[in-house]
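**Student:** Take this structure, written in structure tokens, and hold onto it; I'll ask about it next.
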Amino acid sequence: MDAPQASSTIVTGGGYGIGRAVSRLLAGDGWAVVVVDRDEAKAAQTCQLIAGAGGRALPVVGNVTVASTLSRACEAARDLAPLRGLVTCAAMRHAGSVTQVSEAGWKETLDVVLNGVFLACKAAIPDMIAAGGGAVVNVSSPDAYGRRGMVSYASAKAAVNALSQCLALDHAGDGIRVNVVLPGFTLTGMTEHYPEARIAQTAARSVARRVAQPEDAARLIRFLMSPEGETFTGGVFGPQGLAYT
């Protein structure tokens, strides 16, 4: 699954979890990777792992809710190779129903989960147009179809799905593919703290009889970013509902 010749990609939230896994897989396919994360140590570690395997990567430390972070990421990508890829993995959440979640929690969740994707796409797509095309994969969630006690996160992820499909329509003529991946229950920073009993119950209900690891989602993202996925755009890949819980 080779990358387009001499291409770079940005991965937000690349310091850990799915972001780190996909950064390493894409680097192994020949992409030069810009790892964006607010945690400097984690971003640096991802880049070190990539370099240790013979790949190329640069860290950009900052918050995806700040447009200048994404501008710096694009500049770093251009220093490596023409920018033809973007994977948005950065996320966070405040749990609660509409009567429980605070206004500040609602705003912060939407700012990171939705506005972070908007700003990343707004920064990167002009470079992709200049490069003759590219691929975007936005990481969403089955929660986009509704989940109890997750009103802010579910709302933000639903908007990411709609945003992605609009981008696919708007930029098909530019040769830019935009797809969405909905990982099921995956052991990442959001879920590793769950009680072992809950993780075991989720595994027992899974079609694979196990919970997903970050590499499971990363392999699907890798396909959608590769030339093998060149006919797929506007797709939403993953469990569309609560069957994964």
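A short reminder: the numbers here are calculations on the coordinates, not readings from a lab. Since we're looking at a predicted model, the values are computed, not measured. Ideal geometry is used to build each Cβ from the backbone, glycine not excepted, and the neighbour counts take in all protein chains shown.
**Student:** What is the extension gain from MET1 to PHE232, computed as 0.36 nm multiplied by their sequence separation minus the C-alpha to C-alpha distance, in nm to one decimal?
**Tutor:** Result for the pair: 81.7 nm of gain on full extension.
**Student:** Okay, next question. Which residues does a label at GLU215 reach in region 6-29, if reach means a backbone N under 15 Å from a point 7 Å past the Cα toward the Cβ?
**Tutor:** 17-29
**Student:** Below 17 Å, Cα to Cα, which lysines can LYS157 reach? Residues fewer than 8 away in the same chain don't count.
**Tutor:** LYS107
**Student:** Against the longest alpha carbon principal axis of the chain, how many degrees, from 0 to 90 and to the nearest 10, is the axis of helix 196-205 turned?
**Tutor:** 80 degrees
**Student:** What full-extension length gain, to one decimal in nm, is calculated for ILE129 and ALA104 as 0.36 nm per residue of separation minus the Cα-Cα distance?
**Tutor:** 5.4 nm
**Student:** Right, something else. Can you tell me the 0 to 90 degree angle between the C-alpha axis of helix 67-80 and the longest principal axis of the chain, rounded to 10?
**Tutor:** On a 0 to 90 degree scale, this one is about 40.
**Student:** Take the Cα gyration tensor of the chain, multiply each eigenvalue by 5, square-root it, and list the three semi-axes largest first, rounded to whole angstrom. Write down the numbers at each step before the final one.
**Tutor:** Working: eigenvalues 146, 75, 65 Å².
Over the Cα atoms of the chain, the semi-axes work out to 27, 19, 18 Å.
**Student:** Next up: Once you have the Cα-Cα distance between GLU196 and ALA53, take 0.36 nm times their residue separation minus that, and quote the gain in nm to one decimal.
**Tutor:** So the extension gain works out to 48.2 nm.
**Student:** Amide H to amide H, which residues 5 or more places from GLY235 or on other chains are under 5 Å from it, using H placed in the peptide plane?
**Tutor:** Hits under the 5 Å cutoff: VAL180.
**Student:** Let me ask something else. Computed FRET efficiency, Cβ-Cβ of GLU40 and ASP170, R0 25 Å: what is it to the nearest 0.05?
**Tutor:** Here the calculated transfer efficiency is 0.15.
**Student:** Among residues other than SER23 whose Cβ falls under 12 Å from its Cβ, what is the net charge (Lys/Arg +1, Asp/Glu -1)? Write out the running numbers ahead of the final one.
**Tutor:** Working: positive: ARG20, ARG24, LYS42, ARG56, ARG222; negative: ASP29, ASP37, GLU215.
Combined, the nearby Lys, Arg, Asp and Glu give +2.
**Student:** Using the Cα centre of region 1-120 as origin and beta-carbon charges of +1 (Lys, Arg) and -1 (Asp, Glu), tell me which of GLY13, LEU110, CYS47 is placed farthest towards the positive end of the dipole.
**Tutor:** Towards the positive end, the residue furthest out is CYS47.
**Student:** Only Lys, Arg, Asp and Glu count, each charged at its Cβ (+1, +1, -1, -1), so figure out the dipole size of the chain about its Cα centre, rounded to 20 debye.
**Tutor:** Dipole of the chain, to the nearest 20 debye: 520 debye.
**Student:** Return the sequence-ordered ³J(HN,Hα) values of region 158-164 in whole Hz as given by the Karplus equation 6.51 cos²θ - 1.76 cosθ + 1.60 applied to θ = phi - 60°, using x for Gly and Pro.
**Tutor:** 4, 5, 4, 4, 5, 4, 5
**Student:** For SER140, what charge total do you get from the other residues with a beta carbon under 13 Å from its beta carbon, if Lys and Arg give +1 and Asp and Glu give -1?
**Tutor:** Around SER140, the surrounding residues sum to +2.
**Student:** Here's something else I'd like to know. With θ set to phi - 60°, apply the Karplus curve 6.51 cos²θ - 1.76 cosθ + 1.60 along region 124-132 and write out the HN-Hα couplings as whole Hz, x wherever there is a Gly or Pro.
**Tutor:** For region 124-132, the Karplus curve yields 8, 4, x, 5, 5, 4, 5, 7, x Hz.
**Student:** To continue, here is another question. What's the local net charge at SER226, with K and R +1, D and E -1, over the other residues with C-beta under 9 Å away?
**Tutor:** It works out to a net charge of -3.
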